[in-house]
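A.B. asks: First the structure, then my questions, so here it is.
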Amino acid sequence: TTTTTGIQNPLRCHSCSCFNTENCSCSSTVVSSLDYTYCVIVRENFGQDVYIYADYLELDATFMYIQEFPYALVEETIDYNEKTGRWFTTTNFVVYGCNWNLCNKPELIPLLPNSFQMRLPETWLNSSILGTGQPVRDCHECPDEAQCGTTDYLDAETCPIQPCNTTCLVLDLFDDPEYDYICYQSFCLPPDTEDYQLDRHRIEIEGIIYASQQDVVHLWEVDIYCRADNCSRPGIFKELRQQLTVHPGTHTALFNETHDPNTPQRRCYDCYCF
């Protein structure tokens, strides 16, 4: 079956969903407009459950601008197990995005779980996130709004430091990797409750890789829950990028096809003047 949502510069995408299976039969398609949409396959983990869907997505549906197609986006959680004293990494979701007819084909779904992985050294996690277990730590406080600028512009005085006897939540809400631009926010969480008990030492990180630069990961939003002293310093995001390593997986196979040979490709001038 085919659902038509628009015919201006038509783009046809597979459209289906599956639950707890690696092989999704996808007999439905949907037609949208290439001017403002693209095709996606999304794989989300909910504990032991896996949800997969294929559809189209609007270009402005994400906070970050997609630079090119195809891409692979991964969100991972790096968490500290209080009982075992070890760090472990969980993949929360993977997105494959492309912009030619029927490019989000079901045959690509098995490639998503291991597209690529992001890792941080345990020595850095221990010193910068875990800390030494002191009851009080310095935490920058700007809970009401994010402070935006380049990593060099955001210094230790960006938000006032307050003592914190719980967990610092430090957010990098927006990134423009080309200009080293971030929007930074930090504050001390309320006293331990059931909601925050699991978030004492934790990093949630989103990274995207494009087909044209398969060895470079661009970071999107980064959330840090930490109890090391002064772990909320704005410079921690620059340190994180320097420490981050990317383990390649199946993303090369995901990027084998980059266009529909039956459809002429658009070419655009790419420049600017001042």
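A.B. asks: Mind listing just one residue for me: the one in the stretch 60-77 that is open to solvent by 70 Å² or more (accessible area, probe 1.4 Å) and either aliphatic (A, V, I, L, M) or over 12 Å from the mean Cα position of the chain (by Cα) (or both) and, of those, nearest to residue 115 (Cα to Cα)?
C.D. replies: 67
A.B. asks: If you don't mind, another one. Within the group 92, 114, 101, which residue is closer than 30 Å to residue 18 by Cα and touching a Lys or Arg at 6+ places or on another chain (Cβ under 7 Å)?
C.D. replies: Every option except 101 fails the conditions.
A.B. asks: Just to verify a result, which residue in the stretch 40-71, among those that are farther than 19 Å from residue 24 by Cα and among the small types (Gly, Ala, Ser), is modelled with the highest pLDDT?
C.D. replies: Step by step, filter the stretch 40-71, then rank; the result is 47.
A.B. asks: Let me ask something else. Test of understanding: among 15, 32, which residue is more than 21 Å from residue 115 (Cβ to Cβ) and touching a Pro at 6+ places or on another chain (Cβ under 9 Å)?
C.D. replies: Every option except 32 fails the conditions.
A.B. asks: For residue 24, work out the one condition from (1) surrounded by 17 or more Cβ atoms within 10 Å (Cβ to Cβ); (2) part of a strand (DSSP E or B) it doesn't fulfil.
C.D. replies: It fails just one condition, (2).
A.B. asks: For the stretch 3-17: of the residues being hydrophobic (A, V, I, L, M, F, W, C) and in contact (Cβ under 8 Å) with a residue 60 or more places away in the chain, which is surrounded by the fewest Cβ atoms within 10 Å (Cβ to Cβ)?
C.D. replies: The qualifying residue surrounded by the fewest Cβ atoms within 10 Å (Cβ to Cβ) is 16.
A.B. asks: Scan 90, 2 and give me the residue that is of a type outside the set (A, V, I, L, M, F, W, C) and at pLDDT below 90.
C.D. replies: Going through 90, 2 in turn, the sole match is 2.
A.B. asks: Another question, if that's okay. Can you tell me how many residues in the stretch 118-145 are closer than 27 Å to residue 245 by Cα, open to solvent by less than 50 Å² (accessible area, probe 1.4 Å) and assigned to a loop (DSSP other than H, G, I, E, B)?
C.D. replies: The qualifying residues number 3.
A.B. asks: Return yes or no: is residue 84 farther than 25 Å from residue 26 by Cα, open to solvent by 40 Å² or more (accessible area, probe 1.4 Å), free of Cβ contacts under 8 Å to residues at least 12 places away in the same chain and β-branched (Val, Ile, Thr)?
C.D. replies: Yes; evaluated as a whole, the condition is true for this residue.
A.B. asks: Just to be sure, is residue 65 among the hydroxyl-bearing types (Ser, Thr, Tyr), part of a loop (DSSP other than H, G, I, E, B) and either out of contact with any Gly (no Cβ under 9 Å at 6 or more places or on another chain) or more than 20 Å from residue 109 (Cβ to Cβ) (or both)?
C.D. replies: It is true that residue 65 is among the hydroxyl-bearing types (Ser, Thr, Tyr), part of a loop (DSSP other than H, G, I, E, B) and either out of contact with any Gly (no Cβ under 9 Å at 6 or more places or on another chain) or more than 20 Å from residue 109 (Cβ to Cβ) (or both).
Results for (1) modelled with pLDDT of 70 or more; (2) assigned to a loop (DSSP other than H, G, I, E, B); (3) touching a helix residue (DSSP H, G or I) at 6+ places or on another chain (Cβ under 6 Å), shown as yes or no for each residue.
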| site | (1), (2), (3) |
| --- | --- |
| 237 | yes, no, no |
| 258 | yes, yes, no |
| 268 | no, yes, no |
| 271 | no, yes, no |
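A.B. asks: So, one more: Out of all the residues in the stretch 202-219, which are aliphatic (A, V, I, L, M) and surrounded by fewer than 18 Cβ atoms within 10 Å (Cβ to Cβ)?
C.D. replies: Within the stretch 202-219, 216 is the sole residue that qualifies.
A.B. asks: Considering each residue of the stretch 81-115, count those that are of a type in the set (A, V, I, L, M) and part of a loop (DSSP other than H, G, I, E, B), and give that number.
C.D. replies: 2
A.B. asks: What is the residue count in the stretch 152-205 for residues that are assigned to a strand (DSSP E or B), β-branched (Val, Ile, Thr) and either over 14 Å from residue 235 (Cα atoms) or modelled with pLDDT of 85 or more (or both)?
C.D. replies: 4
A.B. asks: Right, next: May I ask you to list the residues in the stretch 32-65 that are under 13 Å from residue 92 (Cβ atoms) and either in contact (Cβ under 8 Å) with a residue 24 or more places away in the chain or among the basic types (Lys, Arg) (or both)?
C.D. replies: Selection gives 42, 43, 44, 45, 49, 50, 51.
A.B. asks: Within the stretch 47-59, which residues are part of a loop (DSSP other than H, G, I, E, B) and exposed (fewer than 11 other Cβ atoms within 10 Å of the Cβ)?
C.D. replies: Answer for the stretch 47-59, where residues must be part of a loop (DSSP other than H, G, I, E, B) and exposed (fewer than 11 other Cβ atoms within 10 Å of the Cβ): 47, 48.
The values are calculated or read from the model by the stated rules, or taken from the named source; none is laboratory data. What you see is a predicted model; the values in this text were computed from it and never measured. All Cβ positions, glycine included, derive from the backbone under ideal geometry; neighbour counts span all protein chains shown. Remember, those area values only see protein heavy atoms, side chains included, never the ligands or the DNA or RNA. Shrake-Rupley method; radii C 1.70, N 1.55, O 1.52, S 1.80 Å.
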